[in-house]
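Heads up: the structure comes next, in structure tokens.
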Amino acid sequence: MGLILVSHSADLARGSAELARQMAPSVVIAPAGGTDDGGIGTSFDLINEAIAKADTGDGAVLLYDLGSAVLTAEMAVEFLDPEAAARIRIVDAPLVEGAVSAAVTAEGGGDVDQVAASARSAGGPSGDGPEPDIEASVSARSAGDSVPAPDARDQVVKATVSVVNPLGLHARPVAALIRALTGWDVQVTIGRPGEPPVHLRAVLRVVGLALRGGDTVEVIASGPDAPDAAAIVTALISGGFGETVDRPRRLAPAAMGAAPARMGNAGTLRPVGGPAIVNSVLRATPGAPGLAMGPLVRLDRAPRQLTGDDAAAGGDHDPATERDRLDGAIAAAAQKLSAGNQFEVAHAILLTDPELRSAADAELDAGGSAAAAWWSSVGSTADALAADVDELVAARAVDVREAGAAVLAELGVVVDRIPSRLQGAVVFADDLGPGEVPVLLERGAVGVVLSRSSTTAHAVIVARGLGLPMILRAGDEIGRLPAGTELVLDGDRGTVRVSPDADQAADIRRRITEMTDAAQARTQAAHGPVHLADGRQILVVANIGSLADARAAVASGADGVGLLRTELLVLDRDTYPDEDVQTADLTAIFDVLGDRPIVVRVLDAGGDKPVTALDLDPQHNGFLGVRGLRYLLAHPDLLQTQLRAICRASVGHRVSVMAPMVSVAAEVVAFRAAVEQAVVSLGESGVPFQAPDEIGVMIEVPAAALAADEICAVSDFVSIGSNDLTSYTMAADRTETGVADLLDPSATAIQRLLDQLCGFAVASGTPVAVCGEIAGMPEHALGLVARGVHELSVAPVRIPLIKELLRTQG
Ligand code: PEP
Ligand code: MG
């Protein structure tokens, strides 16, 4: 049983620990005071280290001084594995009295709950004590912490403002406010409307108000400079102190399988400069979760100029011949890429950009080789993109380089900037293409630090899927360190520690081993079925959209596939595949899945899924227009072709079909009739086929959810598409970043809809599955199965986690 004392001041934490130790010499009391660099504040790392020291298996009680310390403490506890987190008690009690009382109880052999109770009983929360007199530290004219009485020449300006950054007025923002007012003749108080204000300069008091994102703050400025000061303070607060820019988006389009090439210009501006290494730690943006440690290897940019005969820039090549060679190589590369994963398909589209091709003409005319002319065009286009201030535009530069390199490969020139052996290395690069991520892993890299990039960049999405820890927007400082410098990368927190000492390194190694062992055990265990405590079996199946996804699903222990998004197989193709091509594509996927049950969703075109070859009109085929099943019923030939292909590929497999975007039962009836028609026509044609096992529909439109009894009456099963259901219910476009906060499946409206529609399904005996993102969210999965859901369909990478959760807590 140990104690953790968290304080904004290192001295205070140390002193309290020393005092408590006098009464309890055998209890581990770990102080965690101040920031990493010894300043006033709290540190996630220091708290983490203290927890590790204090909890040796019997749990620990954590006490803190001011309101905001609890946020950091809670965050640190959240990052522990669930078992360890369950042993920690965060207690709101006066720090010194609580520490002494808790230490005495622990010394006497009390367990973690008795020690927590003892700390709690030591008195009220620290904030309840008498306010110190802060007059001297505020201003000669102020009196205590009440609003100073203005003299006759003073102006008093009152303003209210909403706090927008989630962590609110913690120490750094308050310091920024104080700095902004340096030299001004003004006094400023701050507080919640109707509550006693405190002087801005009393940093810890302001921090102690625990003003968080969404709170309203009243600012009172008095003195000759009051109007300007009030304006500055309110502007800084409503500006979020630069902390809102990277707020994670819930249910972002990429996470939902929308086409990344279509993400558009959400418009996050790139930061100016980069973060600095402070006290050996650099804090940047989390990209892909995980912990890694290894020597730094810098990845050079792809060479701007090619070397070798075939790549000669100028020369006496015949322009006509080289032009043909280049056009042939572009066509061949595009064809290969368009049969690949969603990112490769997007690269194939890039290659069709006429400007990329025509930019090579001048060099070809001057006698340059096809390879050299092409690479110059690729280089200048990529450079221009990379210089764009809009992050999502800049992120496309690596895609142009990677697609361009595929053309070079067709010309016999290989551009590979990744060293062949990276065993155990942490790689630093300016940016990466999505295809480079698996290569890094294959060659042994354990983590990646990118100086730029964004959370929605293709390489970052791939890294998350493959489990390669990644940090983004780290600036250039890491790249300037000597090659081989040992780095510790924490992809969850977005930090890089430089040259850890021996103790830190040993600790990180131990944590990595534990995490790897746990992940391996989890994946291994995922290959078995899941039964809840009551004996009910829950299928944990995969959402897939490609052959690669099918392989990942099998490797992750999927019990089957609950959603094959067929539109992802055709999204960016130039021509819509015919029945034979569709049959071949599906056969390849079904063969990987063997005899696992597979639910194939027929084409969900329109809305956020613009299928290029169908030339969809964004208005007419938009979110509220003719999309999903509506589009298919309006194009019966397209639906028949797809249903026939599905039935042909189904021979020897367990395949069901499912319709997207159903609003009313009549559409389900029409869909069933279409399936029947396809089966009859195949029977007449004599080709081998197998009729679908079951015919089901997605419930992703509020109308269908509210009338789920009518839908269930005509469906063999239903599957809840929480992504669209949330979007339509909240009237919030899932591709619009400005309303991302509304896309919260915890919202009362969504929870009520889920209650009601699951109730209808269960009452009618219709199996109900969930295939929207909510199924893979640990905080929602248990609630879904409690409502009678029998199948959760999630991204392959989440299967082990969800299976473990259901087994241990379901
Ligand atoms: C959904 O809407 O929840 C769903 C699974 O379908 P998609 O994300 O493909 O629109
Ligand atoms: Mg949907």
Mind counting the residues in segment 582-623 that are of a type in the set (V, I, T) and either within 16 Å of ligand 1 (Cβ to nearest atom) or without any contact (Cβ under 8 Å) to a residue 24 or more places away in the chain (or both)?
5
Looking only at residues that are of a type in the set (S, T, N, Q) and open to solvent by 10 Å² or more (accessible area, probe 1.4 Å) in segment 358-390, which one is nearest to S453 (Cα to Cα)?
T381
Given the options L801, L792, L806, name the one that is under 23 Å from H527 (Cα atoms), touching a residue at least 12 places away in the same chain (Cβ under 8 Å), more than 13 Å from ligand 1 (Cβ to nearest atom) and open to solvent by less than 10 Å² (accessible area, probe 1.4 Å).
L806
With (1) within 16 Å of ligand 2 (Cβ to nearest atom); (2) closer than 23 Å to T583 by Cα as the list, and L616 as the residue in question, which single condition is left unmet?
(2)
Filter pass, T516 being β-branched (V, I, T), free of Cβ contacts under 8 Å to residues at least 40 places away in the same chain, surrounded by fewer than 19 Cβ atoms within 10 Å (Cβ to Cβ) and more than 16 Å from ligand 2 (Cβ to nearest atom)
yes
Residue in segment 54-93 that is most open to solvent (accessible area, probe 1.4 Å), counting only those that are assigned to a helix (DSSP H, G or I) and touching a Gly at 6+ places or on another chain (Cβ under 7 Å):
G67
Identify all residues within segment 688-714 that are away from ligand 2 (no atom under 13 Å from the Cβ) and part of a loop (DSSP other than H, G, I, E, B); write none if there are none.
P688, F689, Q690, A691, P692, D693, E694, A707, V714
Can you find a residue in segment 261-271 that is surrounded by fewer than 20 Cβ atoms within 10 Å (Cβ to Cβ), modelled with pLDDT under 90 and assigned to a strand (DSSP E or B)?
yes
Which residues, taken from segment 628-655, are closer than 23 Å to V561 by Cα and either without any contact (Cβ under 8 Å) to a residue 12 or more places away in the chain or open to solvent by less than 10 Å² (accessible area, probe 1.4 Å) (or both)?
G628, L629, L632, L639, Q642, L643, A645, I646, C647, A649, S650, V655
Kindly indicate whether any position in segment 663-684 is out of contact with any helix residue (DSSP H, G or I) (no Cβ under 7 Å at 6 or more places or on another chain), open to solvent by less than 30 Å² (accessible area, probe 1.4 Å) and within 16 Å of ligand 1 (Cβ to nearest atom).
no
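Within 16 Å of ligand 2 (Cβ to nearest atom) and modelled with pLDDT of 95 or more: is that true of V600 in this structure?
Details: within 16 Å of ligand 2 (Cβ to nearest atom): yes; modelled with pLDDT of 95 or more: yes.
Taking the combined requirement at face value, the residue satisfies it.
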Name the single residue, out of those in segment 715-737 being within 17 Å of the chain's Cα centre (by Cα) and not basic (K, R), that is farthest from ligand 2 (Cβ to nearest atom).
T737
Unique residue being farther than 17 Å from A769 by Cβ and in contact (Cβ under 8 Å) with a residue 60 or more places away in the chain when the list is R672, R734
R734
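One line per residue, one yes/no per condition, for (1) modelled with pLDDT under 95; (2) under 23 Å from P692 (Cβ atoms):
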| residue | (1), (2) |
| --- | --- |
| Y728 | no, no |
| R734 | yes, no |
| A747 | yes, no |
| G765 | no, yes |
| V768 | no, yes |
| G776 | yes, no |
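The values are calculated or read from the model by the stated rules, or taken from the named source; none is laboratory data. Quantities reported herein were computed from a predicted structural model and do not represent experimental measurements. As a convention, Cβ positions derive from the backbone with ideal geometry for all residues, glycine included, and neighbour counts pool all protein chains shown. Heavy atoms of the whole protein, side chains included, go into the accessibility calculation; ligands, DNA and RNA do not. Shrake-Rupley method; radii C 1.70, N 1.55, O 1.52, S 1.80 Å.
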